[in-house]
Amino acid sequence: MRDPDFTRVKRLPEKASVDRGLMNQILDAGLVAHIGTVDHESPIVVPVAYARLNEQFLIHGSAASRLFKVLAAGSPACATVTILDGLVLARSLFESSMNYRSVMIFGTFTLLEGDSEIAALQTITEHLMPGRWNDARQPTSQELKATYTLAMNITEWSVKVGEGDPDDNPADLHTPQGRDLWAGVVPINYSYGDPIPDPQVPTNTLIPAYIRTWKAHKT
């Protein structure tokens, strides 16, 4: 394990948190992570679906994927999850910013097999599509062979949260332009739209009730 100072937030440290509960909350609210590693001195960053299971960070992808082959071989990795909550419009462009919640996790992934892989795939499915695991056909042995399911222990991590109103330069509050200019926060909210059926779905097939609950699933 690296020096604990490695994960300490140095830029705007007042935005950092060591609250593991907050970290879990952010991970459970997100849907997409960006995974970064190095392959033959070339950096790779790829967006992937993920889930958290207790103190493990789970991802899955094609066994033919360059990224997943490198990760399964034990290449050091960094996983990041960011939720954008709003745009902060200050009276100057320099002080304009974003409200956000973010997590960075450092470590190495291990390849899961057998019951551990099935449990991880169920966790990822239920994180992305709650209620779907028991409704749809589950993976076949051939499909599992074509899939790498990976887990990283969440032991080295950083949390950073930006929130609040514009932090303007006081001088900008007293100029004619600054006094008359609107400033504040424009929130960004995420929601699910109305389900669109596959054309091959019979017209009398009802939309599963669990899908209707997704509109309030992520906050």
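The values are calculated or read from the model by the stated rules, or taken from the named source; none is laboratory data. Computed from a predicted structure; not experimentally measured. Note that we place each Cβ from the backbone using ideal geometry, even for glycine, and neighbour counts take in every protein chain shown.
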Practice task
Of all residues in the range 105-123, count the ones that are surrounded by 14 or more Cβ atoms within 10 Å (Cβ to Cβ) and either without any contact (Cβ under 8 Å) to a residue 40 or more places away in the chain or assigned to a loop (DSSP other than H, G, I, E, B) (or both).
Solution key: 8
Practice task
Would you mind finding the one in 143, 126, 95 that is touching a residue at least 12 places away in the same chain (Cβ under 8 Å) and in a helix (DSSP H, G or I)?
Solution key: 126
Practice task
Give the residue that is surrounded by the most Cβ atoms within 10 Å (Cβ to Cβ), with candidates limited to residues of the range 1-38 that are modelled with pLDDT of 90 or more and assigned to a loop (DSSP other than H, G, I, E, B).
Solution key: 30
Problem - Which listed residue is in contact with a Phe, Trp or Tyr (Cβ under 8 Å, 6 or more places away or on another chain), part of a loop (DSSP other than H, G, I, E, B) and of a type outside the set (A, V, I, L, M), from 132, 137 - result: 132
Problem - the range 62-100 - residue that is charged (D, E, K, R) and closer than 22 Å to residue 32 by Cα and, of those, surrounded by the most Cβ atoms within 10 Å (Cβ to Cβ) - result: 85
Handout entry: Hits in the range 154-179 - residues which are more than 18 Å from residue 25 (Cβ to Cβ) and among the small types (Gly, Ala, Ser)
Key = 164, 171, 178
Handout entry: Contacts under 6 angstrom Cβ, first residue in the range 39-61 being touching a residue at least 12 places away in the same chain (Cβ under 8 Å) and surrounded by fewer than 19 Cβ atoms within 10 Å (Cβ to Cβ), partner among the aliphatic types (A, V, I, L, M) and in a loop (DSSP other than H, G, I, E, B), 6 or more apart
Key = 55/154
Exercise for the section: Within the range 70-92, track down each residue that is out of contact with any Lys or Arg (no Cβ under 8 Å at 6 or more places or on another chain) and assigned to a strand (DSSP E or B). Expected result: 77, 78, 79, 80, 81, 84, 86, 87, 88, 89
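Counting just the residues of the range 170-219 that are of a type in the set (Gly, Ala, Ser) and in a loop (DSSP other than H, G, I, E, B), which one comes out surrounded by the fewest Cβ atoms within 10 Å (Cβ to Cβ)?
Of the residues in the range 170-219, the ones of a type in the set (Gly, Ala, Ser) are 171, 178, 183-184, 191, 193, 209, 216.
So of that shortlist, the ones also in a loop (DSSP other than H, G, I, E, B) come out as 183, 191, 193.
Values: 183: 17, 191: 10, 193: 6.
This residue is 193.
Yes/no matrix, rows are residues, columns are (1) over 27 Å from residue 119 (Cβ atoms); (2) acidic (Asp, Glu); (3) more than 27 Å from the chain's Cα centre (by Cα); (4) at pLDDT 95 or above:
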{"site": "138", "(1), (2), (3), (4)": "no, no, no, no"}
{"site": "148", "(1), (2), (3), (4)": "no, no, no, yes"}
{"site": "170", "(1), (2), (3), (4)": "yes, no, yes, no"}
{"site": "180", "(1), (2), (3), (4)": "yes, yes, yes, no"}
{"site": "184", "(1), (2), (3), (4)": "yes, no, no, yes"}
{"site": "187", "(1), (2), (3), (4)": "yes, no, no, yes"}
{"site": "191", "(1), (2), (3), (4)": "yes, no, no, no"}
{"site": "204", "(1), (2), (3), (4)": "yes, no, yes, no"}
{"site": "218", "(1), (2), (3), (4)": "no, no, no, no"}
